[in-house]
1. Write down the percent of antiparallel bridges among all DSSP beta bridges whose residues are both part of the chain, to the nearest 5.
2. Quickly rank 102-111, 16-25 as a protection proxy: mean count of other C-beta atoms within 10 Å, highest first.
3. Projected onto the charge dipole of the chain (+1 at Lys/Arg Cβ, -1 at Asp/Glu Cβ, origin at the Cα centre), which of Leu41, Val86, Tyr11 gives the Cα projection farthest towards the positive end?
4. What ³J(HN,Hα) values, in whole Hz, does the Karplus curve 6.51 cos²θ - 1.76 cosθ + 1.60 give for region 153-160 when θ = phi - 60°, with x put for Gly and Pro?
5. Amide H of Lys83 versus every other amide H placed in the peptide plane: which residues, excluding those fewer than 5 positions away on the same chain, fall under 5 Å?
6. Could you tell me the center-to-center distance, by alpha carbons, between region 141-173 and region 192-252 in angstrom?
7. Quick one: putting +1 on the C-beta of Lys and Arg, -1 on the C-beta of Asp and Glu, what dipole do you get for the chain around its Cα centre, in Debye to the nearest 20?
8. Tell me the label-point distance for the pair Lys95, Trp153, using the 7 Å Cα-to-Cβ offset, in nm and rounded to one decimal.
Amino acid sequence: MPLNDQQFMRYSRHLLMDDIGEAGQEKLLNAHVLIVGMGGLGCPVSLYLAAAGIGQLSICDGDTVDQSNLQRQVLYTSDDCGKPKVECARQRLNKLNPEVQISVYAEEVTEEILAVDYSLVVDCTDNLAARQQLNAHCYQRAIPLVSASALGWEGQLMAFDFGHNASLCLNCIIDQDSAEPMMNCGNAGVVGPVLGAMGSLQATTVIRVLLGYFQQHGQVQRYDGKAGQWMVLRTRADEGCAVCGSKSTQTKHQNQE
């Protein structure tokens, strides 16, 4: 469907760009993106994607807003404390861009939630089990996955375009067998703007994938906020990976093209 007059005004800065233009904006308007986790990463991701005109956003988080969240979770205010994050987020995002269709799930991610036909999934969790669940689901369904994390002064991003590349997944890279408890913002702390930087990078990566400009499948981008430095790490597939390796018992996805 052609853009209307209001959309031409709202997205005019995209339309001025030769590598986005009206055709690219229509791709964004036709996309349906799932964001799992509405904390320090999910807040900037959802703000930028709603502003960019992603047609449908589904947001999933079972938590309520706590005063300790306000140091970094920029969607919420003091008045939101005690309320479900997804409901507060929906109200704020609707004010930013009323045209975006927003579905909310005030619970942890489930197979029923994942069963919807999404264009892309954004992993903003701090939970290893949820991250593994999203990775396996996206690999099986050939859905792109954009995953990030942050702790202290450091953040990292990994993205996978499973629709075009079946080799290498998140499970190949993260340490599955560590005996150490998983560190997160709640037990180790984090600098708020580092989450903002990683969330902004996630949103940019989502737009790149949807427009067909993404080529860094499985590459790790790491940010050291204290030193002010970026580093790119090359990765490789794990032959014994339980998700994408030769010994996997999971059904391999079929390329959607």
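1. 50
2. Result, highest mean first: 102-111, 16-25.
3. Tyr11
4. Here the 3J(HN,Hα) series is 9, 10, x, 8, 10, 9, 9, 9 Hz.
5. Distant-sequence amide H within range of Lys83: Val65.
6. Using only Cα atoms, the two centres lie 4 Å from each other.
7. 420
8. 3.5
Every number in this text was worked out from the coordinates using simple rules, so none of it is lab data. No experiment lies behind these values; they were computed from the predicted model shown. Reconstructed Cβ throughout: ideal geometry from the backbone, glycine too, with neighbour counts over all protein chains shown.
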